[in-house]
Amino acid sequence: MSQMIHFEDVTVAFGRFKVLENITFTLNKGDFLHIVGPNGSGKTTLLKLLIGAIPKTSGEIIKADVRMGYLPQKLHTKGKMPMTVKEVIYSGLNRQPLCCLKKDDHLIDRWLKEMDISDLKHQSMQHLSGGQQQRVYLIRALINEPDLLILDEPTSALDPSFREKFLHMLDRLQKEQGMTIIHVTHDLTDAVKEDCLTMYVDQTIRFYGPYRDYQVFEHEGHRHV
Ligand code: ADP
């Protein structure tokens, strides 16, 4: 198994406040990791470190040089968003020649169908519901077939039936395409968990390992929400 990410004793402080401390873990290519923890425990900060959006205060981060897809938690969709669904998705494609190539257009159509929003292709983003917008941003994160997919609470605005479909889609992408997936969630109940890794973060890593061992950790009452 080859290594995708390694953190060695990483700390992030904002002023004197340490958000993350002594973070050490390794994730291999093809792993599916669920990250859980209480509000404000540093989960989003960990993802931002990974994508290079914020600097570490100390420690070492080693990351394979691969294509990444990222779905942020805050989608900044409040207020005016004068772009269509197609334009938002297209802006996520690696190649962006002046005009949209036919094959890219077909690719966008395929994903819109997969996400059950074909009819929204030419709609303005500002007229969409939160759940519809979230599906558009999911397509944007997935359309380049990233090797590493990083999702910060991707299902928070999705309705339950689509959430289930989406989580199974992730499971398929990991199993069939070998995609490495990091999934921050506040609710593990409907996630596909067998064979997955789980991390429980609360400023530091309190648990990291296979899901079946996490259940023991949970039952022993280590988890605080
Ligand atoms: P989680 O995703 O687990 O809810 P976050 O990583 O968003 O937690 O935040 C962890 C803590 O770090 C929170 O107390 C938050 O207020 C604080 N924090 C996050 N970003 C900043 C920042 N840029 N400056 C100061 N404090 C921050």
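The values are calculated or read from the model by the stated rules, or taken from the named source; none is laboratory data. Fair warning: this is a prediction, and the values are worked out from it, not measured in the lab. Here the Cβ positions follow ideal geometry from the backbone for every residue, glycine too, while neighbour counts run over all protein chains shown. The area values use the complete protein model at the heavy-atom level, side chains included, leaving out ligands, DNA and RNA. Shrake-Rupley method; radii C 1.70, N 1.55, O 1.52, S 1.80 Å.
Some values worked out for this structure:
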quantity: Those residues of the stretch 17-38 which are open to solvent by 10 Å² or more (accessible area, probe 1.4 Å), over 26 Å from Leu167 (Cβ atoms) and in contact (Cβ under 8 Å) with a residue 12 or more places away in the chain, in sequence order; calculated: Lys18, Val19, Glu21, Asn22, Thr24
quantity: Those strands (runs of 3 or more DSSP E) lying entirely in the stretch 1-73 with at least 1 residues polar (S, T, N, Q), within 15 Å of the ligand (Cβ to nearest atom) and in the same structural domain as Gln174 (by TED's automatic domain parsing); calculated: 3-14
quantity: Filter result for Ile139 (in contact (Cβ under 8 Å) with a residue 12 or more places away in the chain, closer than 30 Å to Tyr208 by Cβ and in contact with a helix residue (DSSP H, G or I) (Cβ under 6 Å, 6 or more places away or on another chain)); calculated: no
quantity: Residues (within 16 Å of the ligand (Cβ to nearest atom) and either over 19 Å from Lys43 (Cβ atoms) or modelled with pLDDT under 90 (or both)) located in the stretch 162-205; calculated: His186, Asp187, Leu188
quantity: Pairs with Cβ under 6 Å, 6+ apart, first in the stretch 166-178 and farther than 13 Å from Asp147 by Cα, second open to solvent by less than 40 Å² (accessible area, probe 1.4 Å); calculated: Leu167/Ala191; Leu167/Val192; Asp171/Val192
quantity: Of all residues making up the stretch 182-192, the number that are touching an Asp or Glu at 6+ places or on another chain (Cβ under 8 Å) and surrounded by 16 or more Cβ atoms within 10 Å (Cβ to Cβ); calculated: 3
quantity: Where a residue in the stretch 39-55 is at positive phi and its partner, wherever it lies, is more than 6 Å from the ligand (Cβ to nearest atom) and in a loop (DSSP other than H, G, I, E, B), with Cβ under 7 Å and at least six apart; calculated: Gly42/Gln203
quantity: Residues (more than 15 Å from Ala157 (Cα to Cα) and of a type in the set (A, V, I, L, M, F, W, C)) located in the stretch 102-116; calculated: Leu107, Ile108, Trp111, Leu112
quantity: Residue satisfying condition, being buried (at least 19 other Cβ atoms within 10 Å of the Cβ) and either touching a Leu at 6+ places or on another chain (Cβ under 8 Å) or farther than 18 Å from Lys43 by Cβ (or both), within set Asp152, Asp159; calculated: Asp152
